[in-house]
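Trainee: First the structure, which I've put down as structure tokens, then a few questions once you've had a look.
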Amino acid sequence: MRLLSILIVLALVVPTMAVILTPGDADSADAGLKQVAVFGNGTRYEAGSYHVVVLSGTYREMGRQFGALMKDELKEEYAMLRSHFTASGYTDAEVGEFAKMATALQAKRMKETRAGIAETSDLSVEEVNILYEGPIVYLTTFGAKAGCSFLAVWGSYTPDGSVVLSRNYDLPDVFSVFYPYYTLTIYNPTDGSNGVATFGPAGARPETLMNSAGLFIADDNAVDSGSTLEIAGRPDLIGEFFRFMLDYSDMDELDAGIMTTRADCAWIVNAAGPDRAYSYEETVYDIKRREGPGVIAAANHFIDPSWRLAAPPAEHSTSRYANLLRLAEENRGSIDGEQMVKIRDVQVEDCGATFRHSMLEGMLYSSDHQVVYVPETRMLWMKVVDRDWQKVELAPLFSV
């Protein structure tokens with residue numbers, strides 16, 4: 001009888017640990033999402049041409065859910081990276097060292113998540129770490145650097161005074177190998193931390209993040225203004241974004257977290273909540289916070305005059321910055337989410353800030369991914385170059 005009881009229990013438990021394919025018309029938190037698979041407390045949806053994965057549990061459990069639901073994509077992405085690194089002359093040990101340097105000083109919660117991914121994805125923890133840092137190493141093999149820009153408006157610029165923001169992540173077109181793996185991932189931890197949404201290639205370091213409290217954080221490359229100096233022994237600043245989103249619930253808290261975290265290299269960090277936005281210009285030795293009277297923009301150069309920069313910033317950075325401020329003024333009073341999407345659709349060639357296979361510094365560049373976000377309502381619009389914009393209501397996905 002005891003053996004029979006054990007077999008019955010196993011029969012009940014084991015199916016919950018398998019990926020269960022679900023019909024396309026299954027109920028979901030957002031009518032625009034098509035549910036396609038379930039693993040434990042994790043669910044995979046498709047929203048238009050985008051993957052959306054909603055996770056819930058401990059960090060190890062959420063990692064296991066993600067690894068199972070995105071196994072095929074994770075393995076394909078890793079195989080692509082590994083093949084490229086081998087062709088570029090990198091040894092396994094060299095690539096592993098890059099990944100170790102990027103992840104060794106991270107919070108335990110992040111390491112637990114990746115350990116969970118390894119348990120269900122048929123990848124080792126070391127391979128999952130390479131996936132995390134892989135896109136950055138991939139770009140270095142081409143000698144390429146990121147662009148990026150940010151625009152946030154509120155007060156008299158928006159119909160109801162609340163913040164509406166947008167972010168472009170600009171990269172050379174060689175990054176197009178990652179486009180199939182773009183995933184909106186929502187983490188709902190059960191330890192009392194905030195829910196966190198990330199948008200980027202599956203398993204890779206997220207650089208565009210939002211949380212259930214209505215906060216947003218993203219980065220712009222700042223090497224031209226802040227120098228190439230790096231300080232060893234400091235956590236990767238962008239890797240700290242996930243921790244910020246888990247732990248901070250209002251702009252005062254997030255501001256304190258950013259201002260007291262020393263960068264390992266130069267960055268521009270852009271942050272926003274329902275009522276205001278800031279842009280932080282950071283070097284390894286100083287941080288300057290910029291504020292705005294209802295509007296703030298950033299590209300890839302420092303604006304604060306106290307930096308006393310010796311060299312002028314790149315023309316494409318100053319022009320995109322100026323174009324964003326001009327478009328904000330032209331649309332003052334009417335900028336809601338949909339209007340911000342239209343602003344972000346204006347390309348550099350048409351006096352906007354968006355690259356779309358545009359020639360820059362001898363390489364074709366695109367705004368690899370774009371988001372528009374309304375922190376008050378948690379409404380998100382997301383886009384990968386050459387795809388349509390996709391609108392997703394994050395609020396109900398944070399509550400599962």
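The values are calculated or read from the model by the stated rules, or taken from the named source; none is laboratory data. Because the structure is predicted, anything quoted here is derived from the model rather than measured. Note: ideal-geometry Cβ built from the backbone for every residue, glycine included; neighbour counts use all protein chains shown. Calculation scope for accessible area: heavy atoms of the full protein, side chains included, ligands and nucleic acids excluded. Shrake-Rupley method; radii C 1.70, N 1.55, O 1.52, S 1.80 Å.
Trainee: Of the residues I130, I117, I136, which is aliphatic (A, V, I, L, M), within 26 Å of D72 (Cβ to Cβ) and modelled with pLDDT under 95? Give the steps one after another, and end with the answer.
Mentor: On the way: I130 fails: modelled with pLDDT under 95; I117 fails: modelled with pLDDT under 95.
Selected residue: I136, the only one of I130, I117, I136 that is aliphatic (A, V, I, L, M), within 26 Å of D72 (Cβ to Cβ) and modelled with pLDDT under 95.
Trainee: Name every residue in segment 328-351 that is under 24 Å from H316 (Cα atoms), in a loop (DSSP other than H, G, I, E, B) and not charged (D, E, K, R), in order of residue number.
Mentor: Those that are under 24 Å from H316 (Cα atoms), in a loop (DSSP other than H, G, I, E, B) and not charged (D, E, K, R): N331, V346, C351.
Trainee: Keeping to segment 39-86, report how many residues are touching a helix residue (DSSP H, G or I) at 6+ places or on another chain (Cβ under 6 Å), among the aromatic types (F, W, Y) and farther than 17 Å from Y132 by Cα.
Mentor: Residues flagged as touching a helix residue (DSSP H, G or I) at 6+ places or on another chain (Cβ under 6 Å), among the aromatic types (F, W, Y) and farther than 17 Å from Y132 by Cα within segment 39-86 amount to 1.
Trainee: Look at S358 and say whether it is open to solvent by 50 Å² or more (accessible area, probe 1.4 Å) and more than 17 Å from F150 (Cα to Cα).
Mentor: Numbers: open to solvent by 50 Å² or more (accessible area, probe 1.4 Å): no; more than 17 Å from F150 (Cα to Cα): yes.
The answer is no for S358.
Trainee: Let me ask another. Within the bounds of segment 356-365, is there any residue that is under 22 Å from V164 (Cα atoms) and out of contact with any Lys or Arg (no Cβ under 9 Å at 6 or more places or on another chain)?
Mentor: So far as segment 356-365 goes, no, none of its residues is under 22 Å from V164 (Cα atoms) and out of contact with any Lys or Arg (no Cβ under 9 Å at 6 or more places or on another chain).
Trainee: Can you pull out the residues in segment 200-255 that are touching a residue at least 60 places away in the same chain (Cβ under 8 Å) and hydroxyl-bearing (S, T, Y)?
Mentor: Correct list: T208, S212, S225.
Trainee: Restricting attention to segment 386-400, and to residues there that are surrounded by fewer than 21 Cβ atoms within 10 Å (Cβ to Cβ) and part of a loop (DSSP other than H, G, I, E, B), which single residue is modelled with the lowest pLDDT?
Mentor: V400
Trainee: If you don't mind, there's one more thing I want to ask. With R234, R243 as the choices, which residue is part of a helix (DSSP H, G or I), farther than 17 Å from R167 by Cβ and open to solvent by 20 Å² or more (accessible area, probe 1.4 Å)?
Mentor: Exactly one of R234, R243 is part of a helix (DSSP H, G or I), farther than 17 Å from R167 by Cβ and open to solvent by 20 Å² or more (accessible area, probe 1.4 Å), namely R243.
Trainee: Go through the residues of segment 343-350 one by one and say whether even a single one is open to solvent by 20 Å² or more (accessible area, probe 1.4 Å) and among the basic types (K, R).
Mentor: Step one: filter segment 343-350 for residues open to solvent by 20 Å² or more (accessible area, probe 1.4 Å), giving 345-350.
Now narrow it down to the ones that are among the basic types (K, R): none.
There is no residue in segment 343-350 that is open to solvent by 20 Å² or more (accessible area, probe 1.4 Å) and among the basic types (K, R).
Trainee: Identify, by number, the condition in (1) outside any loop (DSSP other than H, G, I, E, B); (2) closer than 21 Å to M210 by Cα; (3) open to solvent by 60 Å² or more (accessible area, probe 1.4 Å) that Q370 doesn't meet.
Mentor: (3)
Trainee: On the basis of being open to solvent by less than 70 Å² (accessible area, probe 1.4 Å) and in contact with a helix residue (DSSP H, G or I) (Cβ under 8 Å, 6 or more places away or on another chain), does R289 make the cut?
Mentor: Here the answer is no, as R289 does not meet what is asked.
Trainee: Could you please give the count of residues in segment 114-157 that are within 20 Å of the chain's Cα centre (by Cα), at negative phi, hydrophobic (A, V, I, L, M, F, W, C) and in a loop (DSSP other than H, G, I, E, B)?
Mentor: Of the residues in that region, 2 qualify.
Trainee: If I ask for residues that are more than 30 Å from D191 (Cα to Cα) and either touching a strand residue (DSSP E or B) at 6+ places or on another chain (Cβ under 7 Å) or of a type outside the set (A, V, I, L, M) (or both), which ones from segment 86-111 would you list?
Mentor: So the first thing to find is which residues in segment 86-111 are more than 30 Å from D191 (Cα to Cα), and the list is 86-98.
The answer is T86, S88, G89, Y90, T91, D92, E94, G96, E97, F98.
Each row is one residue, and each column tells you yes or no for (1) crowded, with 21+ Cβ neighbours inside 10 Å; (2) touching a Pro at 6+ places or on another chain (Cβ under 9 Å); (3) part of a helix (DSSP H, G or I).
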| site | (1), (2), (3) |
| --- | --- |
| D255 | no, no, yes |
| T261 | no, yes, no |
| S279 | yes, no, no |
| P293 | no, no, no |
| A297 | yes, no, no |
| F302 | yes, yes, no |
| A311 | no, no, no |
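Trainee: Of all residues being at pLDDT 95 or above and crowded, with 20+ Cβ neighbours inside 10 Å in segment 79-102, which is nearest to V52 (Cα to Cα)? Just the residue, please.
Mentor: Checked segment 79-102; the qualifying residue nearest to V52 (Cα to Cα) is L81.
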